[in-house]
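Novice: Got a structure for you, questions after.
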2 protein chains.
Amino acid sequence: MEARQAFLVKCLSTGLMLSDSIGYLLLQLELEMVVMNWLSKLLQLPRSFSFSNDGDGGGVLLGTTCEAIICTLLAAKEKMLDKIGRTNTEKLVVYCSDQTHVGLEKAAKIVGIKPENVRKVLTTKSTNFKLTPESLNDVIKRDVESGLIQIYLCATVGTTSTTTVDPLAPLCELSSKYNMGVHVDATYAGSACICPEFRHFLDGVEGASSFSFNAHKWLLTNLACCCLWVKDKSALTIPLSTNSEYLTNKATESGQVVDYKDWQIALTRRFQALKLWMVLRSNGVTGLRAFIRNHVKMAKNFEGQVTMDSRFEIVVPRYFYVVCFRVSPCSINEHHGKNYEANEFNHKLLESINATGLVYMTHSVVGGVYFIRFSVGATLTEDRHIQLAWELVQGKATSLLGTQTPKTASYSDNPKEET
Amino acid sequence: MEARQAFLVKCLSTGLMLSDSIGYLLLQLELEMVVMNWLSKLLQLPRSFSFSNDGDGGGVLLGTTCEAIICTLLAAKEKMLDKIGRTNTEKLVVYCSDQTHVGLEKAAKIVGIKPENVRKVLTTKSTNFKLTPESLNDVIKRDVESGLIQIYLCATVGTTSTTTVDPLAPLCELSSKYNMGVHVDATYAGSACICPEFRHFLDGVEGASSFSFNAHKWLLTNLACCCLWVKDKSALTIPLSTNSEYLTNKATESGQVVDYKDWQIALTRRFQALKLWMVLRSNGVTGLRAFIRNHVKMAKNFEGQVTMDSRFEIVVPRYFYVVCFRVSPCSINEHHGKNYEANEFNHKLLESINATGLVYMTHSVVGGVYFIRFSVGATLTEDRHIQLAWELVQGKATSLLGTQTPKTASYSDNPKEET
């Protein structure tokens, strides 16, 4: 979001707040419902997630994914405890993969699920670190035999380390066999799914209980703006609702309005819908799709450069705008006489790249492999930055390996046009 | 906070974010620590709440009080479970008064404390709805006899309904006898305590474990900005810390920096410190105190008008900028032949006042008494608005009672100068 837009939003919301407290709250409420239904359509979410006259679904704007997970996990926990008795908290089990964001563990601790009852199912390189229904089923079966009760699976569309995508359809199908709810955490990659060519990553979401993504990650919106949709809003509002004389008002008492304070942790709410409305109205669907596609194109170009330089390797396939790469162990052995172990070498490479202050890249480790994450996602990134970054990476690798940078077609000579 | 300031903060923080991700994070961290120590000094909080070389205290900026209560309650819960065994959650009891904000009940539900183990100790008119140590002790004693374990007391400085202030010193003293931590929730009235003449409301805070107030309530800061200080930061960070390869960095690994992600619910953080820094620097201590005093003076003037009109009564003494008043049952009986019960009458009065669209007042009920809350706190309120509001209240009461507005010295004739 540009500063100009942010300023307008600030003025609008401040002005509206001053002008009419209660009218403002109703405007905020209505705009949020409208914007969440718009976004839901844009993502082609099933109708069961939207506000409608004949359904129990709906969307809400929260701060962060942690909050979305706490709310949906609490809903799942309370629903199950209502059924099996409130002294059975110890038996509740939550599932995810070893690639799921640590926010889930934190949320489990907060809502009182035992840390040892958070099952981080192992993923492997052979499936590009996706959570497979087979491995999940093995873990669940053992838990069922031990008398434990399944309440929640967190599946990810765009994991933090490698941006891999869990297969939603078979995971939801499996979970339904165990009467377990599924939350789809698309924090990072959800935004991409507004483009028809990426929408397939959400195939199967209709089997989930809830879905969230962060508009502040990759949809031109300022922090913090997490979009959460649920199929059954009462599961959320039953544990989160509060009442007090000083909170009563005619609108809420009528039962005709959505009381968003009961959809979230806090009671106070910021006017998030206004900034999302501004983003949608000022960029339009075409503009937002072009923005996403441009980032993916630039990441694809960077990936192309990496694959053309035989010293490097792509560690996990690129799906969106993050390229996971490293200098391959072969090159290190060949040129460096085994002075360095591959992980240590790539760690040094990353440090020397970042020390220039010209670019900033991050790292992660999957399956014991240390790698560098090149991420395009900033609003102002252009082709020339990608070119600069790649030349920098090549140069630093060359000086660390003590070799010459191989002569390949450079990025600028041959801009790859595939999309 | 003015829109102009908000715009500057937005530009600054966006610019800084683009310029250097990691440096930005360290700047954010350092500024937050500095600003929290400044504010702590301004509030004359005990040194044990501040960052120092020889202490375990410190402050953090969160979104809302709900979040502050969840974090401190979770800390208390986990600390006790570590001591008595993790299967004893059912035995944990939390204390507050019937005037404590509902956010505590919500927080208890979220962290898995049984709703029936949240003791809302009754308060009465005779003590102006303060929580007394005697009544708290009676309730605790019964719980001790039942084998329940005391973990948390929430005391309030400026309750939501009447802005009353719980006596911190004796409550903290009592709690320490039961080894129970005390959180002081000064959401609303904490800001006033930057003025020496209001600081006595915090007397005894040195006996508490944590203290929070919302700068967005009454310190010229935009939503959402809850300031929390704790004496023992590790109690907070032990249950809230997370680790993952993608979160590691040199600064954190050195152990030399505060890792604020482990002080809060979410992992993502907004640059709250910048806006608070801007508020402190641009208004100064003198400016902020003048701002607070002006609101209190205006509320005091409104209160004076109410007491001069014999048809009205002040329901609970005014402490800050909220005046709790109603038309007295006597006046209603006298003029209205018992057509209306007092609560119903005052409800109608409030509705007719708000229906004008010129002012907006709220209501609450304490000890069965329905009353109107006149609140001065908006940034742009001036003496003339108070005058208009009071004339409106008088006029509406007159037409509902069918009497004449009594001739008293009007607000504009005789501006009360007491402070």
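The values are calculated or read from the model by the stated rules, or taken from the named source; none is laboratory data. Since the model is a prediction, treat every value here as computed from it, not as a measurement. Don't worry about glycine lacking a Cβ; one is built from the backbone with ideal geometry, like all the others, and counts go over all protein chains shown. These area figures cover heavy atoms from the full protein model, side chains too; ligands, DNA and RNA do not enter into them. Shrake-Rupley method; radii C 1.70, N 1.55, O 1.52, S 1.80 Å.
Novice: If you scan the stretch B:35-66, which residues turn out to be within 14 Å of chain A (Cβ to nearest Cβ) and either surrounded by fewer than 24 Cβ atoms within 10 Å (Cβ to Cβ) or free of Cβ contacts under 8 Å to residues at least 60 places away in the same chain (or both)?
Specialist: Of everything in the stretch B:35-66, just one residue is within 14 Å of chain A (Cβ to nearest Cβ) and either surrounded by fewer than 24 Cβ atoms within 10 Å (Cβ to Cβ) or free of Cβ contacts under 8 Å to residues at least 60 places away in the same chain (or both), namely B:66.
Novice: If you check B:189, B:155, which single one turns out to be buried (at least 21 other Cβ atoms within 10 Å of the Cβ), over 28 Å from residue B:86 (Cα atoms), in contact with a strand residue (DSSP E or B) (Cβ under 9 Å, 6 or more places away or on another chain) and among the hydrophobic types (A, V, I, L, M, F, W, C)?
Specialist: Numbers: B:155 fails: over 28 Å from residue B:86 (Cα atoms).
It is B:189.
Novice: Further, regarding this structure: Could you tell me whether any residue of the stretch B:330-353 is of a type in the set (Val, Ile, Thr) and touching a Cys at 6+ places or on another chain (Cβ under 9 Å)? If you could, list the steps in order and put the result at the bottom.
Specialist: Applying the first criterion (of a type in the set (Val, Ile, Thr)) to the stretch B:330-353 yields B:332, B:353.
After this cut, where a residue has to be touching a Cys at 6+ places or on another chain (Cβ under 9 Å) as well, the list is none.
Checked the stretch B:330-353: no residue is of a type in the set (Val, Ile, Thr) and touching a Cys at 6+ places or on another chain (Cβ under 9 Å).
Novice: Okay, next question. Looking at (1) open to solvent by 20 Å² or more (accessible area, probe 1.4 Å); (2) assigned to a helix (DSSP H, G or I); (3) of a type outside the set (A, V, I, L, M, F, W, C), can you tell me which one residue A:301 breaks?
Specialist: (1)
Novice: From (1) more than 29 Å from residue B:163 (Cα to Cα); (2) open to solvent by 20 Å² or more (accessible area, probe 1.4 Å); (3) hydrophobic (A, V, I, L, M, F, W, C), pick out the condition that doesn't hold for residue B:81.
Specialist: Condition not satisfied by residue B:81: (2).
Novice: Continuing with this model, one more query. Report whether or not residue B:399 is among the polar types (S, T, N, Q) and modelled with pLDDT under 55. Quick ask: steps written out before the conclusion?
Specialist: On the way: among the polar types (S, T, N, Q): yes; modelled with pLDDT under 55: no.
So residue B:399 does not fit the description; no.
Novice: Name every residue in the stretch B:84-114 that is open to solvent by 10 Å² or more (accessible area, probe 1.4 Å), touching a helix residue (DSSP H, G or I) at 6+ places or on another chain (Cβ under 8 Å), in contact (Cβ under 8 Å) with a residue 40 or more places away in the chain and among the β-branched types (Val, Ile, Thr), in order of residue number.
Specialist: Once the filter is applied, which keeps residues that are open to solvent by 10 Å² or more (accessible area, probe 1.4 Å), touching a helix residue (DSSP H, G or I) at 6+ places or on another chain (Cβ under 8 Å), in contact (Cβ under 8 Å) with a residue 40 or more places away in the chain and among the β-branched types (Val, Ile, Thr), the stretch B:84-114 yields only B:84.
Novice: If you go through the stretch A:341-390 one residue at a time, how many are at pLDDT below 95, under 22 Å from the mean Cα position of the chain (by Cα) and more than 12 Å from every other protein chain (Cβ to nearest Cβ)?
Specialist: The number of residues fulfilling the criteria is 1.
Novice: I'd like to know if the stretch A:116-123 contains one or more residues that are in contact with a Lys or Arg (Cβ under 7 Å, 6 or more places away or on another chain), more than 18 Å from residue B:74 (Cα to Cα) and open to solvent by 10 Å² or more (accessible area, probe 1.4 Å). Walk me through it before giving the result.
Specialist: Of the residues in the stretch A:116-123, the ones in contact with a Lys or Arg (Cβ under 7 Å, 6 or more places away or on another chain) are A:123.
Retained after the next criterion (residues that are more than 18 Å from residue B:74 (Cα to Cα)): A:123.
Now restrict to residues that are open to solvent by 10 Å² or more (accessible area, probe 1.4 Å): A:123.
Within the stretch A:116-123 (the criterion being in contact with a Lys or Arg (Cβ under 7 Å, 6 or more places away or on another chain), more than 18 Å from residue B:74 (Cα to Cα) and open to solvent by 10 Å² or more (accessible area, probe 1.4 Å)), the answer is yes, since at least one residue qualifies.
Novice: Here are A:74, A:31, A:26: which of them is modelled with pLDDT of 95 or more and either assigned to a helix (DSSP H, G or I) or at negative phi (or both)?
Specialist: Only one candidate passes the filter, namely A:74.
Novice: Mind telling me which of the residues B:184, B:205 ends up being open to solvent by less than 10 Å² (accessible area, probe 1.4 Å) and free of Cβ contacts under 8 Å to residues at least 60 places away in the same chain?
Specialist: B:184
Novice: When residues of the stretch B:256-298 are filtered for being open to solvent by 40 Å² or more (accessible area, probe 1.4 Å), touching a Cys at 6+ places or on another chain (Cβ under 7 Å) and more than 22 Å from residue B:389 (Cα to Cα), how many remain?
Specialist: Result for the stretch B:256-298: 1.
Novice: Condition first: part of a helix (DSSP H, G or I) and either farther than 29 Å from residue A:101 by Cβ or open to solvent by less than 10 Å² (accessible area, probe 1.4 Å) (or both). Can you find one or more residues in the stretch B:218-234 that meet it? Reasoning before the result, please.
Specialist: Looking only at the stretch B:218-234, we keep the residues that are part of a helix (DSSP H, G or I), and these are B:218, B:233-234.
Cutting the leftovers down to either farther than 29 Å from residue A:101 by Cβ or open to solvent by less than 10 Å² (accessible area, probe 1.4 Å) (or both) gives us B:218.
So far as the stretch B:218-234 goes, yes, one or more of its residues are part of a helix (DSSP H, G or I) and either farther than 29 Å from residue A:101 by Cβ or open to solvent by less than 10 Å² (accessible area, probe 1.4 Å) (or both).
Novice: Could you check, for the stretch A:203-217, whether at least one of its residues is within 14 Å of another protein chain (Cβ to nearest Cβ) and of a type in the set (Phe, Trp, Tyr)?
Specialist: Of the residues in the stretch A:203-217, the ones within 14 Å of another protein chain (Cβ to nearest Cβ) are A:212-217.
From what is left, the residues that are of a type in the set (Phe, Trp, Tyr) are A:213.
For the stretch A:203-217, residues within 14 Å of another protein chain (Cβ to nearest Cβ) and of a type in the set (Phe, Trp, Tyr): present.
Novice: Say whether the condition of being more than 14 Å from every other protein chain (Cβ to nearest Cβ) and over 17 Å from residue A:400 (Cα atoms) is met by at least one residue in the stretch A:321-340.
Specialist: yes
Novice: Continuing with this model, one more query. For the stretch A:313-342, how many residues meet the condition of being crowded, with 17+ Cβ neighbours inside 10 Å, free of Cβ contacts under 8 Å to residues at least 40 places away in the same chain and not in a loop (DSSP other than H, G, I, E, B)?
Specialist: Number of matching residues: 3.
Novice: Give, as residue ranges, the helices (runs of 4 or more DSSP H) completely inside the stretch A:80-193 that count at least 2 residues that are away from every other protein chain (no Cβ under 14 Å) and under 30 Å from residue A:38 (Cβ atoms). First the steps, then the outcome.
Specialist: Details: elements: A:103-111, A:133-145, A:168-177.
Here the list reads A:168-177.
Novice: Looking at the stretch A:235-279, which of its residues are assigned to a loop (DSSP other than H, G, I, E, B), aliphatic (A, V, I, L, M) and either modelled with pLDDT of 80 or more or within 21 Å of residue A:208 (Cα to Cα) (or both)? It would help to see each step written out before you state the result.
Specialist: Step one: filter the stretch A:235-279 for residues assigned to a loop (DSSP other than H, G, I, E, B), giving A:241-244, A:248-249, A:255-259, A:264-271.
Filter once more, so that each one left must be aliphatic (A, V, I, L, M): A:257-258, A:265-267.
Within the stretch A:235-279, A:258, A:265, A:266, A:267 qualify.
Novice: Assuming residue A:32 fulfils every condition listed in (1) within 14 Å of chain B (Cβ to nearest Cβ); (2) open to solvent by less than 30 Å² (accessible area, probe 1.4 Å); (3) of a type in the set (D, E, K, R) apart from one, which condition is it?
Specialist: If we test residue A:32 against (1) within 14 Å of chain B (Cβ to nearest Cβ); (2) open to solvent by less than 30 Å² (accessible area, probe 1.4 Å); (3) of a type in the set (D, E, K, R), just (1) comes out false.
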